[in-house]
Amino acid sequence: MDRDIANNWTVRMLAGEQSEVFYTKRFLHKDGHVVWVEVSRSLARDEASKPQYFINSVRDITEERSLLAQLSHQALHDPLTGLANRIMFEDRLTQALARASRENKRLAVLLIDLDEFKDINDTFGHQVGDDLLAEVARRLKQATRAGDTLCRFGGDEFLYLSEGLTNHSEAETIAERLLSVFDEPFIIGEESLSQAASIGIATCQGGKGFVELLRDADTALSDAKRQGKNRYTVFRPEMHDQVSNRIGLVQELRRSFDSDKILMHYQPIVDLATSQTVGVEALMRWNHPEHGWVPPYVFIPLAEQSKLIFDLGSFALHQAVSEAASWRHLDQREEQPYVTVNLSPRQFHDPDLLSKIKEVLEANEFAPGRLVLEITEGVAFVDIDSATRVASRLRQLGVSLAIDDFGTGYSSLSYFTLLRPSILKIDQSFVNRAHDSANGERLLEAIITIGNSLDAIVVAEGIETTTQLEMLRGLGYNFGQGYLFSPAVPSADLVGMLESAPISCGVSPPPPPHVATIPIDYRLASSAARKAKRSL
């Protein structure tokens with residue numbers, strides 16, 4: 001640590017402007033390896049508040065930093081193909097857009113989607129499908145120009161970023177080269193598989209953002225699919241009819257909200273040792289009059305682009321707390337289950353959030369300790385100072401924080417130390433991949449170690465089989481949720497579960513509730529929505 005900085009902190013503490021400081025230092029061990037420590041320093045005063053001496057506490061965090069390094073790599077790379085993932089791609093694209101604006105150069109985003117890939121999985125199984133995706137990624141990487149970025153966006157989609165272009169034709173040349181990798185069959189085990197792809201191209205010279213460019217590329221991709229697949233299409237402004245459809249969907253969502261078609265369902269969070277329900281996650285559902293149950297990955301992204309997200313968020317908070325308050329009369333256990341409510345970054349940084357929470361708690365005579373607010377790691381990156389202040393005020397109120405999808409975004413131990421979440425929720429992708437390799441289980445073990453070091457409860461999401469359950473128990477996980485126990489259910493159904501606890505879990509998970517199949521022009525025409533659908 002810089003000596004001037006240390007002296008400045010010392011002066012501030014002596015002046016009473018600061019009571020405690022935290023910082024990290026790097027040391028070189030005599031045997032050559034690096035040791036990282038976390039140092040805390042506080043000032044002891046006598047009864048007259050005169051400074052007496054400093055108290056220093058040093059903690060070895062070398063192992064924690066090593067574990068976080070593993071998580072950081074996992075957060076930026078796709079585990080199946082080794083390619084960049086969406087997070088890294090978005091960061092590279094943001095930088096490329098800034099350069100394009102400064103240098104007046106054109107860039108292109110190409111969205112690559114495998115044609116009829118579902119048939120491969122259905123015919124040959126998911127292992128062959130995964131092997132095919134890995135081989136597709138290898139060929140695409142060989143066709144990637146130096147300086148360009150190739151990303152697996154999820155499922156059977158890839159993203160390609162190319163900078164320094166002078167016209168549309170250069171982007172089309174790249175698309176032709178990428179499509180050529182599909183000319184020869186793919187040899188997967190004993191199978192020779194023919195696989196084609198379609199590509200949507202969006203170009204710009206700056207002035208657009210990640211979401212807008214991706215939307216344009218996806219709209220062009222949809223056009224290529226409609227033309228017969230195995231081809232590419234360049235986005236044209238007249239394709240914005242898709243945008244009109246999206247605006248129409250927002251209006252339908254608003255009308256449905258006003259007509260009580262938005263409801264809350266609840267998925268139990270259980271003690272893995274006893275299958276006792278310890279909490280529930282509140283999840284929103286849209287009962288569309290024509291399409292039936294519309295899942296949140298379709299309409300929540302729409303709401304987040306408008307002020308409707310605040311109305312939906314307020315409804316979710318009031319409804320979840322109100323219904324959870326009614327369960328206390330039915331569940332005779334001494335300890336009532338807590339309820340978690342998801343907040344978007346916009347909601348979390350809403351200046352009226354604290355007053356809204358106080359109002360709903362008082363109106364329902366609901367104990368603050370039974371309410372948990374779920375946020376993603378990205379909330380901290382919107383404004384870390386604001387996030388820290390909000391988190392501190394929530395703790396003072398008695399409301400807990402949970403970090404959702406832990407490990408899938410930019411992880412920083414310092415951010416978690418500041419936010420001090422009570423719960424870390426492990427994304428289901430970690431559970432699903434645990435049996436793919438020895439590293440899968442080791443990573444889960446590393447995550448539980450980090451959770452314990454932060455004094456946080458760790459909840460594993462997406463548990464679907466008894467094999468996964470036993471593995472998690474063996475690794476020291478105490479809590480989880482997933483279809484093995486129950487899908488998200490209406491409040492009335494959950495009451496029955498609470499009365500007949502513990503939940504019995506079978507060998508096979510119960511089927512998820514039926515959700516609507518939304519036509520392409522109706523469902524945002526968004527790659528992000530498609531990826532979220534596959535992750536449920």
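All of the numbers you see were taken from the coordinates with simple rules; none came from a lab. Keep in mind it's a predicted model, so treat the numbers as computed, not measured. Positions of Cβ are generated from backbone atoms using ideal geometry, with glycine treated the same way; all protein chains shown enter the neighbour counts.
Things to note:
- Here the scattering of the range 76-221 is modelled by Debye summation over its C-alpha atoms, one equal scatterer each and no solvent; at q = 0.11, 0.12, 0.18 Å⁻¹ the log10 of I(q)/I(0) is -0.40, -0.48, -1.01.
- Backbone amide hydrogens, once placed in the peptide plane, bring G164 within less than 5 Å of R106, excluding anything fewer than 5 places away on its chain.
- Chain lengthening between A492 and V211 when straightened (0.36 nm per residue, less Cα-Cα): 97.3 nm
- Annotation: amide H-H contacts under 5 Å for G206 (H modelled 1.01 Å from N, sequence separation of 5 or more, or interchain): L107.
- Label separation (R226 vs S169): 2.8 nm, computed from points 7 Å beyond Cα along the C-beta direction.
- Amide N of the range 474-494 lying under 14 Å from the label point, which is placed 7 angstrom from the Cα of E335 along Cα→Cβ: 478-480
- Unit charges at the beta carbon, dipole of the range 79-235: most positive-side option, G200, P79, L114: G200
- Remark: C-alpha extents of the range 199-240 on the principal axes read 32, 17, 15 Å, sorted largest to smallest.
- The length gained on full extension between K141 and E20, counted as 0.36 nm times the residue separation minus their Cα-Cα distance, comes to 38.6 nm.
- Surrounding net charge for Y160, when Lys and Arg each add one and Asp and Glu each subtract one, Cβ distance under 15 Å: -3
- What the phi angles of the range 83-97 give under the Karplus curve with 6.51, -1.76 and 1.60, with θ = phi - 60°, is a coupling list of 7, 4, 9, 4, 4, 5, 4, 4, 5, 5, 5, 4, 5, 5, 5 Hz, glycine and proline written as x.
- Using a Förster distance of 51 Å, the FRET efficiency for A273-E191 (Cβ separation, nearest 0.05): 0.75
- For the range 3-60, averaging the sequence separation of C-alpha pairs within contact (under 8 Å, six or more residues apart) and dividing by the residue count gives a relative contact order of 26 percent.
- Rounded FRET efficiency, nearest 0.05, which uses the C-beta distance separating Q52 from L80 and R0 of 45 Å: 0.20
- Contour minus Cα-Cα distance for K105 and D258 (0.36 nm per residue): 50.4 nm
- The listed peptides 272-278, 218-224, 193-199, 470-476, ordered by packing as a protection proxy, come out as 218-224, 193-199, 272-278, 470-476 (highest mean of other Cβ atoms within 10 Å first).
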